Structures are given as structure tokens and as C-alpha cells.
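A short worksheet on the structure shown next.
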Amino acid sequence: MALDSHQEDSEVDANRELSCESANASPEATVRARAIASIDAIPPEYIGMLQGESIVANSLVEASAEVLRLEVGRYRDALIEIDNQLRAMDDSPDPGLMEVLTVELEDLNREWLNKQAEAANTLDSNGDSLGEYSDIGSLLGTVLMEQAAQIETTISNIEHLDLSIDPADGRRRLMQEIIRLIDLAHDLRDKMQETLLTVLRAERRLAEVDRKMQFDGLTKLHNRNGLEVVFYEWWRADIRRERIVSVALLDIDNLRKINERFGAEAGDRLLAEFGRLLGELIRKDRGFDIVCRATGQQFIIFFGDTGPRNATSSVERIRQTLESTIFNLDGEEVAMMVSVGVAEVGADDTTTKVIKRLEKATRVAKKNGRNCTVIDEGNGPTPITAPEYKVVGRTVNVEER
């Protein structure tokens, strides 16, 4: 993530506060932790949009991240609508209709680029007033510029398509470009979420996160906010960090191919059923296990009072169950397998450090052929040789939305 270094520093500060009595905090320290841009710097249209969503932002950086998170969701929905229209065509698509959709797609992207540019310019022009968040504001601007460059490339690719020569091939290539744009939207959404978590940690506001903001609307599982709150509450209850905790990251191996084949809307329906199944598979009779949807295709399981070996055993059973599961999507059988990384949470850990280790372990699992589990017990990622568990194969019917 582009914000990791600042995010980690903010998180360490937030965790240190848990070990001190609030009475010991000086007014100067509190002011410094809450160093924010002037409310007057937030554009009126941002305020109106956030009020419509019952969101209160305490700074320009927070308001910008919230607005971009909302806007990128609407942009993604519009991309999916165009993609659905293309997929509804038969193998002999109408070039005239495709031209109309191409113009609509280009207009949508130009509008989205303008919104990104406005956000970047607002942050840049108010850089001197961002205080402690000046670095985050600068990084946000960099993220937006990188996204803009990639979107411009995609627009150029679309403009050079000649749909009249081979309409079927043109339709296929258009859908490929849309999937790339959707992937960019997912990346921006996740980075905006990490930005908001950085602000919440820096301002000691994790305890104030509204419960409805802790759950993913698609899968109904805890989201990235919810995971952060789980860690926060666990550490607040265990101030000396004496209880053992392990975590596992499950990264779906083939979601991109599924989205290319069936479309992102179908991918969402699959993810909803996948998340529901994960929720069923975690232990209910012992321990403190919570499933979270961390990003689009990544899920994290929090294993409270569980060492890494037992967590690995539990998650390997889950991996093997997923491997034996068939998802029935509109009459077609789809497999959804995962690469898994497992790590123990140390006494001096932050969520950022833990997730970095999980991501590293998962990358090793991907390199080792995917659909396997790798554990990090403090000496780096190590592939496991797991026994074959007696798991029950099943078929999951993916419902229409």
C-alpha cells in the first residue's frame, strides 16, 4: 500500500496510547494527534455528499478519502452496467450499439478523471493547512495521478478499437478493458479505506467507529474497519498482550479470470456466497474466530487464543473444503480456491506489520503453485505439508441478485 510507512507510524502511536492512562496525555499531545486541516477547506459539495451518507469528516484529508471512496463505488457500478450490456449481446454483436456503449464508456472515464483531478488539486492547493496529514495528502495526490495515467492508457486503447472490422473481437477487447478499469477502481477503494484507517488511528477514534461501518455490504462479514476494531478491542482488553493471537489471509486464486469470463456482477454474487461459506466454516465451539473481508478478493480470519499451528490446522481444513466445493453459477460449475498465509501476532505487532507478513506469506503460496498454505512463525514464510482432512464436498448455488 502506498500509505504503509505513515500508516504504521500512526498505528504505533495509537497502540502506545493503550498502555497509558488518559490523564497522562498532555493537551499539546492531544492537539498534535488531532492536527487537522481547517473545516473551511472542505469543499461545500463534499460536505453535502457526506451529509447525504450521514458521514462527518473532521479534516480535508478525511473528507477527500470518504468522497473518493463513495465516488469510486458509483463509477464501478456504471462500469458494470456497460459491461452487462456488452455481455448481453450474442456472438454477433451490433457494431452500432457497441459504438454507442464505447462513447458512453469514454464519457464515463473522462468524468471520473475530472473528479480525480479536482480532488488532487484541492489537496494540493491546501497542502500548507493539512498539518500532520500533509504526507497523507501528498500520497493521495500521487495515487490519483498514477490511477489517471492508467485510465488514460485504457481510454487510448478503446479509442483505437475498430469495431466494424471484427465486432465479436471488439466486444471481447472492450470487456477486457472494462475489467482493467474495475480492477483500478478496486485498488483505489482499498487505498482510500487504508487512508481513513490511518486517520482514525491517529485521532484515537477506533472506539467511535459506527457498527454499521464495520461490516461489508456484499458478504455481511466484518470489513477492513471491522478487522481494525477487532484488533483494537482485543488489545485494549489485553493491555500486556499476554494472550496468543494468530491470523490467516485467504487470497482467492482465480477471481480475475472469473470476472473476465462471467463479468464483475457475477463475481460479486460468487463473493457473497464465498463469504457466507467462510462464515459457516470457522470454529463456533471454541476460541474467538472472526472472518473479515479485507479487500476485494482477500479474506482474513482472526484466531483469538490460538497459536499459529492450531490456526494453520483450522485454516487448512477450510482450504481443503473450499477446494472440494463447486459453485453453481447460472448453470456453470466454478471452482474458487485460495492461497493462504498464516502468522502469529507478536506482542509488539501492529495490524500493518501483521498484514505485511500475511501478504508476504501468501505471495510465497502463489509462487508455490497456489491453492496451498504457508506459515510464518517468525523466521519467514515456510510452506506446510498438510495432512488430507476428511472434508465434505458440496455444491453451492449462487443466487441471482
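So here's what we get for this one:
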{"quantity": "Close pairs from region 233-262: first more than 20 Å from ARG293 (Cα to Cα), partner in a loop (DSSP other than H, G, I, E, B) and acidic (Asp, Glu), Cβ under 9 Å, at least 6 apart", "calculated": "ARG241/ASP348; ARG241/ASP349; ARG243/ASP305; ILE244/ASP305; PHE262/ASP330"}
{"quantity": "Of all residues in region 319-331 being open to solvent by 10 Å² or more (accessible area, probe 1.4 Å) and at pLDDT 95 or above, the one that is nearest to TYR232 (Cα to Cα)", "calculated": "ARG319"}
{"quantity": "Residue pairs meeting the criteria (Cβ under 7 Å; at least 6 apart or on separate chains; first in contact (Cβ under 8 Å) with a residue 60 or more places away in the chain and over 12 Å from ASN109 (Cα atoms), in region 63-80; second of a type outside the set (A, V, I, L, M) and open to solvent by 10 Å² or more (accessible area, probe 1.4 Å))", "calculated": "SER64/THR122; ARG69/ARG189; ARG69/GLN193; GLY73/ARG189; ILE80/GLU265"}
{"quantity": "Members of region 154-168 found to be among the hydroxyl-bearing types (Ser, Thr, Tyr) and surrounded by 15 or more Cβ atoms within 10 Å (Cβ to Cβ), listed by number", "calculated": "THR154"}
{"quantity": "Failed item, numbered, when ILE80 is tested on (1) of a type in the set (A, V, I, L, M); (2) at pLDDT below 95; (3) open to solvent by less than 20 Å² (accessible area, probe 1.4 Å)", "calculated": "(2)"}
{"quantity": "Within region 235-260, tally of residues that are of a type in the set (S, T, N, Q), more than 16 Å from ASP348 (Cα to Cα) and surrounded by 21 or more Cβ atoms within 10 Å (Cβ to Cβ)", "calculated": "1"}
{"quantity": "From ARG189, ARG171, residue being of a type outside the set (A, V, I, L, M, F, W, C), open to solvent by less than 50 Å² (accessible area, probe 1.4 Å) and in contact (Cβ under 8 Å) with a residue 24 or more places away in the chain", "calculated": "ARG171"}
{"quantity": "Filter result (among the charged types (D, E, K, R) and over 17 Å from ASP305 (Cβ atoms)) within region 235-282", "calculated": "ASP251, ASP253, ARG256, LYS257, GLU260, ARG261, GLU265, ASP268, ARG269, GLU273, ARG276, GLU280"}
{"quantity": "Extreme residue, farthest from VAL100 (Cα to Cα), among residues of region 69-84 that are under 15 Å from the mean Cα position of the chain (by Cα) and of a type outside the set (A, V, I, L, M, F, W, C)", "calculated": "ARG69"}
{"quantity": "Pairs with Cβ under 7 Å, 6+ apart, first in region 308-319 and under 14 Å from GLU344 (Cβ atoms) and in contact (Cβ under 8 Å) with a residue 12 or more places away in the chain, second small (Gly, Ala, Ser) and buried (at least 24 other Cβ atoms within 10 Å of the Cβ)", "calculated": "PRO308/SER246; PRO308/ALA343; ALA311/SER246; ALA311/ALA248; VAL315/ALA248"}
{"quantity": "Residue in region 196-218 that is in contact with an Asp or Glu (Cβ under 9 Å, 6 or more places away or on another chain), open to solvent by 30 Å² or more (accessible area, probe 1.4 Å), farther than 22 Å from THR362 by Cβ and of a type outside the set (Ser, Thr, Tyr) present", "calculated": "yes"}
{"quantity": "Elements of type helices (runs of 4 or more DSSP H) in region 246-332, at least 3 residues being closer than 22 Å to LEU86 by Cα", "calculated": "255-262, 264-281"}
{"quantity": "Count of region 76-100 residues which are in a helix (DSSP H, G or I), of a type in the set (A, V, I, L, M) and over 17 Å from ILE151 (Cβ atoms)", "calculated": "4"}
{"quantity": "Failed criterion for ASP162 (all others in (1) assigned to a loop (DSSP other than H, G, I, E, B); (2) modelled with pLDDT of 95 or more; (3) not aromatic (Phe, Trp, Tyr) hold)", "calculated": "(2)"}
{"quantity": "Unmet requirement for TYR232, which otherwise passes all of (1) crowded, with 22+ Cβ neighbours inside 10 Å; (2) among the hydroxyl-bearing types (Ser, Thr, Tyr); (3) within 19 Å of THR306 (Cα to Cα)", "calculated": "(1)"}
{"quantity": "Subset of region 274-305 [more than 21 Å from ARG357 (Cα to Cα) and either crowded, with 21+ Cβ neighbours inside 10 Å or of a type in the set (Lys, Arg) (or both)]", "calculated": "PHE274, ARG276, LEU278, ARG283, LYS284, ARG286"}
{"quantity": "Qualifying positions in region 133-150 - open to solvent by less than 50 Å² (accessible area, probe 1.4 Å), among the small types (Gly, Ala, Ser) and within 20 Å of TRP112 (Cβ to Cβ)", "calculated": "GLY141, ALA148"}
{"quantity": "Residues (in a helix (DSSP H, G or I) and among the hydroxyl-bearing types (Ser, Thr, Tyr)) located in region 199-243", "calculated": "TYR232"}
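The values are calculated or read from the model by the stated rules, or taken from the named source; none is laboratory data. Just so it is clear, the structure is predicted and the values come from calculations on it, not from any experiment. Positions of Cβ are backbone-derived with ideal geometry, glycine not excepted, and every protein chain shown enters the neighbour counts. Heads up: the accessible areas ignore ligands, DNA and RNA and are worked out on the full protein's heavy atoms, side chains in. Shrake-Rupley method; radii C 1.70, N 1.55, O 1.52, S 1.80 Å.
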